[in-house]
Each structure stands twice: as structure tokens, then as C-alpha cells.
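First up is the structure itself, then whatever we jot down about it.
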Amino acid sequence: MEQIALTINDRQLSASSGMTILEVAKENSIDIPALCYRQELSPIGACRICVVEVERSETLVGSCHTPIAQGMVIHTHSKKVLQVRKTMVELLLASHCGNCFMCDKANICELRSIATDLEVGLPRFQVKKRYYPVEDASPFIVRDLTKCILCRRCVSACNEIKKEKVFGIAYRGFDSKVVVDFDQPIDKDVCRDCDVCISFCPTGALSKHGEIGEEKKGEPLIISG
Amino acid sequence: MAQQRIVLRNCGVIDPMQISTYLDRDGFKALKKALAGVTQEQIIDEIKLSGLRGRGGAGFPCGLKWELAGKAQVDEKYVICNADEGEIGTFKDRYILERDPFTLIEAMAIAGYAIGAKRGYIYLRAEYHCLLDLLKNAIGQAKEGGFLDQFDIDIREGAGAYICGEESALMDSIEGKRGEVRYRPPFPPSRGLWGKPTIINNVETLMNIPQIIFNGGHWFSQLGTEQSKGTKVFSVSGDVKKPGVYELVLGSRLRELVEGLALAEKVKMVQVGGATGRIIPYEMIDMPLAFESILGAGAIIVFNETRDIIDIVYRVMEFLAEECCGKCTPCREGTEVMVEILERFSRGGGLETDISLLEEVASAMMLSSLCGLGQAAPIPVVNSLQYFRSVYENRIRQN
């Protein structure tokens, strides 16, 4: 495999061609936050939280899907990058329901942990919030799209790992939504107890029916700022 | 500089339903010239020499695009003509298609030969359904005439989405998927339609090709400015006495077009390039129209002194929020935030913090959005804050 020399945060590194910036960073213990990216899935490129600065590029690039190139000079935590990441998280939080007190996944929520890391406080944008009815007709899965941040991991996980196509995207812009069939509430006919998508959901949008007394996962999050 | 008809040379002269009238105007001679003894590399070299750049707004060098696709060693390649003219205020491609479909067909056949593609698609905007019969007739007549023996052209109709004018969403749409933006790289010349090397060119870009092949790249490169060669077709609308389609040599002044040809009076500002285009105040109307300064897709919307800048920017942002595909965070959420803030301003409100919020979201969107829509959506907002900041500040003060 051809070796490619590149610089990340002033460190001279070498990696095999075909790798993405995020993979190389990870290999070298540089932590780039990402919401829609998961190692097991092909890159989605939707959340734009993993963006990094590549010298001589006009815009920031998504590190999860951009392959490395010879002589690339990359900054993963420059001021410009951090500012954009913060704004991204703040935008996601602005339309997110924000009922963390009542969310089962509050302590293992990836959105919350990234927000804490980046020190994003209460969002300053006053946009409308997405409210949808909870879909709990299926005995295997509870879908609460109010908490969905449209990262599309569930869509990819279902397609790529389970080789099913239960989920799709419908509507445009702010109204876009992960749907089942023609925007039907999920029920037991379309989906069995494979749980794959649930384990990929970064927020509390997908979960199982909880049982009383069941142990909750995760350490309590300590929110700074 | 003046008007010159290269792209529009046959418009209004030939009968778009009769190929014979096109043949009388040297029609398909460039294709014959290309097929008879000119190598594929020579065609691409000629296009590169001409300095032709994409007319859809981004201005990517056409020859370079073709070269990348031409070099790929794959059996299947595609040529796509982007006729999804969705930009607010553009109607030049419609004007061209209505009056001269044959030049486009010839150009696509040349492109196919140059990169080694056997198949081409015309992606026609849903609203241009009325042109379908005309285009089909033109393709049919070209086939009968034996001009499309080695190259097949198919028409695909859009379903009414602005985003499908963006090349990667356009390819998704042709593939039968939801029209959504893909991340790049890979770029279409290496992996495009159905994963095969593909070139996507705007109608107007392709219209230049036969003339370049016929007269040589050197001839073309003598028109225009240093980095912008040839002519550009502009669609002028808004507060003007003579709206319409004008073709000017690149580098001509905006004033010449707006006041000289379209006879606008009491101009307050001009939006150049459509919904995501820059807003130019009257003081800067002497700007040259070229890739170096300002161009876009060629939509020129003129606003006179009676128009309110915030209303304009708000309406434009509403449109963009509606047409956003919803894939990436900055565009999906950012346009909504901007609509919300601008709506407040247009109602006569506005908060102290709103201007800085607008600027912050604008900069994040421009830096991190997945496609041109999100990257360019804040441009009208940024421009209006730059040139008409006092209007915003007044609204805040009056609130």
C-alpha cells in the first residue's frame, strides 16, 4: 500500500493511501468529534461536526469522507474549526426538544457529550422545535422523532448491516424526516427485534421498551459552563 | 465591449422543428470535423485552449473536466446536460432550448466522442415539460440524419426540486433516487452517474462547443478577459423596461447591461446570479461581469428605489430554506434560523443580537455546508449586511 505523508496539527505523519482524514487522526490519537460517522458504516457526511481545516481549501472539509492526499496540511482544532463545530452543535440543539431530564438516554447521549466537550450552552437561536408523536406500537422499538437529529445512522445501519431498507428520508429542508414506508408509524410488521439501528442512534430517538427497575447505562454527565 | 452572438447565433434564425434550417447554418459540421480524423485528445486540447469555463455558476474549466473523464479507463461513461435551470431569475437555457435544440445535441455528441461516452442525458427541469416534445423531435431528426449513430441521447425530467440542479443531486435524481447532495471527492469525472465517469455541463457551456471546434480554441480565447473567455448569456428581469435575454462578451460592465440594454431607471441594487447571488448596490454598478469579479449563472435581477432590501433577502431565504435537501446540518438548520431572524426584521422587529447571530450562522454555513446551496445561501444576507447595514440597524432601533 502506498504511503502518504501529511501533517496534522503540525505533526508529520504517514498513512496508507485510501484512508480518510478521520481514520488517520484516530490512528494517531487525535480526537475529532463526529455524530453521523461510525466506523462500521460507510461515511454519511451529514452532521458536519467532523469538519477540519485543510490548507489551500476554501471551505472546511468533512474529515469522515475526505481521503488523504500527499502533502495535505490539516488542522483539526483550529479556532475556525472549533467555532464552526460549536455553531453546528448549537444549531442541532436549537431545534432539539431538549427534555434531557426526561430522556432515558441523557447520560449516554452523544449530542450531549459533544455539546459538553465544546462548551455549548443554551442555544441562542429561537427556531421552532420538531415535535412528533412517539411511535411505540411495535413491541421491539420505540421511535421518538422529536429527539432525532437526522444523522441518518439508523438508515445506513439498516441498509448496510441488516441489509434491510426499513428507513428512508422524506420531505425537504427543515421538515426532512426519517420515515418508514410512506411516513407510517413503525409497527411490528415492518421491523423485527434486530436492535441494530437502536444501538447506532446517538440520541434517545430510538430505544427499546424499558422495564421498570432496569439498570440505566452510562456514567452521569457533568455539564460544565 | 458589446453584444456578440455565439451561443445565441441560431436563436430566432433557425426553425427549432426543422433540422434542415440548422444544416443550412453549418449545422453538425463541427461534429463531422471532430469525427473525421481529429483525436479525442485534440478536441480536449482545443477546449482547454479556448479557456471555456462552466456557465452554470461555478465556473469550473470545461476542458479540465473533460480531460479527467477522458483519461478514465472505463467502458461506460456518461455526458449529462444540466437543463435544470432552477435559479431564481434565469430563463436563458429555456430561451436557448426553445430556439436552438440542435446545437446542444451536436455539442453533446462531440462531448461524448471526446471523453468516450456512448450515452448522454438531458436533465430537463420539471417546469420545462413544455419543451419535451420539441427536444424529442430534435433528437429524432438528428438520429434520422445519421448524426447520432455513435451516441445516444435520452431526456430525463426532474420533479421540481431546485437542489437537483446541483450536479450530485442531479445524478441521484437520474438514478431514480431522492435528489440529495453527495459528498465530494469523488468528483463526477472520476465517479459520477451509476459510479461511472461523468461530465455534467450546463446548456450554455455546451452551446459554445461546436463553435469552438469549428473556429478553433484560439479564436474563442481572444474574446473576454484574462480568466473569463467568450460570451455569457444573461437573463435580465425585475424593474427594467426591456427584460429579456442578452448575450455579452465577458468583461462587459454591469451598467451597460442594466441601464444600456435593459433600460433600467432609478436602480437601487442588482442581484447577480440568482437566489444565491451577490447583491450589488448601485454605487458598484460599473463592475465588470466576469468570473474574476461577479457572474453566477447569469441571472440579473434589478431592483429600483421602491424595493426594500430586507424583504428581498427574506423572500430569497424562505425560498432556499424550502429548497434545501435537508441532508447536512448547516444548511438544514441554518437556513431555518436565518428565515426566523429575517422574518422578525421584515415585520419591523429585530433584536440587538440578531446581526451578530446572522453573521455567525452565515460564516458557519459557508465554511461547512456540503454543497453549493448551503455554501452560497448566506451570500445575499452577508452582502445586504455589508452594503445596507443601516437598514437593519434602523429596524432594531425602531423596535
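Overview of results
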{"read-out": "Tally, over region A:88-104, of residues that are within 9 Å of chain B (Cβ to nearest Cβ) and part of a loop (DSSP other than H, G, I, E, B)", "value": "0"}
{"read-out": "Residue list for region B:266-294, restricted to those being open to solvent by 10 Å² or more (accessible area, probe 1.4 Å), of a type outside the set (Asp, Glu) and assigned to a loop (DSSP other than H, G, I, E, B)", "value": "B:266, B:276, B:287, B:291, B:293"}
{"read-out": "Residue satisfying all of: in region B:346-399; β-branched (Val, Ile, Thr) and open to solvent by 30 Å² or more (accessible area, probe 1.4 Å); farthest from residue A:123 (Cα to Cα) among these", "value": "B:391"}
{"read-out": "Top-ranked residue of region A:51-74 - restricted to ones that are more than 13 Å from chain B (Cβ to nearest Cβ) and assigned to a strand (DSSP E or B), ranked as least open to solvent (accessible area, probe 1.4 Å)", "value": "A:74"}
{"read-out": "Boolean, residue A:85 is surrounded by 18 or more Cβ atoms within 10 Å (Cβ to Cβ) and either within 10 Å of another protein chain (Cβ to nearest Cβ) or modelled with pLDDT of 95 or more (or both)", "value": "yes"}
{"read-out": "Hey, residue B:45 buried (at least 22 other Cβ atoms within 10 Å of the Cβ), assigned to a helix (DSSP H, G or I), in contact with a helix residue (DSSP H, G or I) (Cβ under 9 Å, 6 or more places away or on another chain) and charged (D, E, K, R) or not", "value": "no"}
{"read-out": "When residues of region A:143-185 are limited to those that are among the basic types (Lys, Arg) and under 16 Å from residue A:132 (Cβ atoms), the one farthest from the other protein chains (Cβ to nearest Cβ)", "value": "A:143"}
{"read-out": "Residue B:153, sole failed condition from (1) assigned to a loop (DSSP other than H, G, I, E, B); (2) of a type outside the set (S, T, N, Q); (3) within 18 Å of residue B:77 (Cα to Cα)", "value": "(1)"}
{"read-out": "Tally of residues being out of contact with any helix residue (DSSP H, G or I) (no Cβ under 7 Å at 6 or more places or on another chain), assigned to a strand (DSSP E or B) and either closer than 11 Å to residue B:5 by Cβ or open to solvent by 10 Å² or more (accessible area, probe 1.4 Å) (or both) across region B:228-239", "value": "3"}
{"read-out": "Residues of region B:340-385 that turn out to be at the interface with chain A (Cβ under 10 Å from one of its Cβ atoms) and in contact with a strand residue (DSSP E or B) (Cβ under 6 Å, 6 or more places away or on another chain), as a count", "value": "1"}
{"read-out": "In region A:108-117, residue farthest from residue A:88 (Cα to Cα) [restricted to those that are buried (at least 18 other Cβ atoms within 10 Å of the Cβ) and of a type outside the set (D, E, K, R)]", "value": "A:109"}
{"read-out": "Residues of region B:295-334 classified as away from chain A (no Cβ under 14 Å) and assigned to a helix (DSSP H, G or I), total", "value": "8"}
{"read-out": "Region B:170-186, subset more than 12 Å from every other protein chain (Cβ to nearest Cβ) and in a loop (DSSP other than H, G, I, E, B), residue farthest from residue A:171 (Cα to Cα)", "value": "B:175"}
{"read-out": "Selection status of residue A:163, out of contact with any Leu (no Cβ under 7 Å at 6 or more places or on another chain), surrounded by fewer than 14 Cβ atoms within 10 Å (Cβ to Cβ) and of a type outside the set (S, T, N, Q)", "value": "yes"}
{"read-out": "Filtered residue count, region A:1-18, keeping only those that are open to solvent by 70 Å² or more (accessible area, probe 1.4 Å), in contact (Cβ under 8 Å) with a residue 12 or more places away in the chain and assigned to a strand (DSSP E or B)", "value": "2"}
{"read-out": "Members of region A:173-203 that are touching a strand residue (DSSP E or B) at 6+ places or on another chain (Cβ under 7 Å), open to solvent by 30 Å² or more (accessible area, probe 1.4 Å) and under 24 Å from residue A:92 (Cα atoms)", "value": "A:183, A:185"}
{"read-out": "Among (1) within 9 Å of chain A (Cβ to nearest Cβ); (2) surrounded by fewer than 24 Cβ atoms within 10 Å (Cβ to Cβ) - the single one residue B:337 does not satisfy", "value": "(2)"}
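The values are calculated or read from the model by the stated rules, or taken from the named source; none is laboratory data. Since the model is a prediction, treat every value here as computed from it, not as a measurement. Methodologically, a virtual Cβ is constructed for each residue, glycine included, from the backbone with ideal geometry; neighbour enumeration extends over all protein chains shown. Accessible surface is based on the protein model in full, side chains and every heavy atom, while ligands, DNA and RNA are left aside. Shrake-Rupley method; radii C 1.70, N 1.55, O 1.52, S 1.80 Å.
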